[in-house]
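The values are calculated or read from the model by the stated rules, or taken from the named source; none is laboratory data. Small disclaimer: the values here were computed from a predicted structure and weren't measured. In this analysis, Cβ positions are derived from the backbone assuming ideal geometry, glycine residues included, and neighbour counts consider all displayed protein chains.
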Amino acid sequence: MKKLRIYVCGPITDTDESIVKNNIETARKIGEKILKLGHLPYVPHTHFNGWNLDMFVAYDLFQAHGEDMIEQWADAIFFIAPSNGANLEREKAESLGLKIFTSLEELESLQ
């Protein structure tokens, strides 16, 4: 089985800090499961966690970074759930013809 480089995308920003923490934790857990399945995840939620940046002010920079990572690095994306940013990342992946996973079962079936 070929190891896939999988970009994890899903909601992160919210005005409620507990929702942001939950979004980060959800993405982290999915990244761990992807790694355990033998693939190489990139989880931007955890990459930028703790940088003390205002996500709303830096939103355009985060979005540009994500789209560049998809274009330059990813073989596939894992789409957790819709959000403004995740939807744009999915559109980018679709335009590049990348595989889009929406469940861990899809990845498990590759074994």
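Residues of the range 68-111 that are acidic (Asp, Glu) and either surrounded by 19 or more Cβ atoms within 10 Å (Cβ to Cβ) or under 19 Å from Glu32 (Cα atoms) (or both): Asp75, Glu89, Glu105, Glu106, Glu108.
Only a single criterion out of (1) modelled with pLDDT of 95 or more; (2) within 15 Å of Phe62 (Cα to Cα) is not satisfied by Thr13, namely (1). For the range 28-51, residues that are assigned to a helix (DSSP H, G or I) and touching a Phe, Trp or Tyr at 6+ places or on another chain (Cβ under 9 Å) total 4. Here the helices (runs of 4 or more DSSP H) wholly within the range 54-111 that include at least 2 residues being aliphatic (A, V, I, L, M) and without any contact (Cβ under 8 Å) to a residue 60 or more places away in the chain are 59-72.
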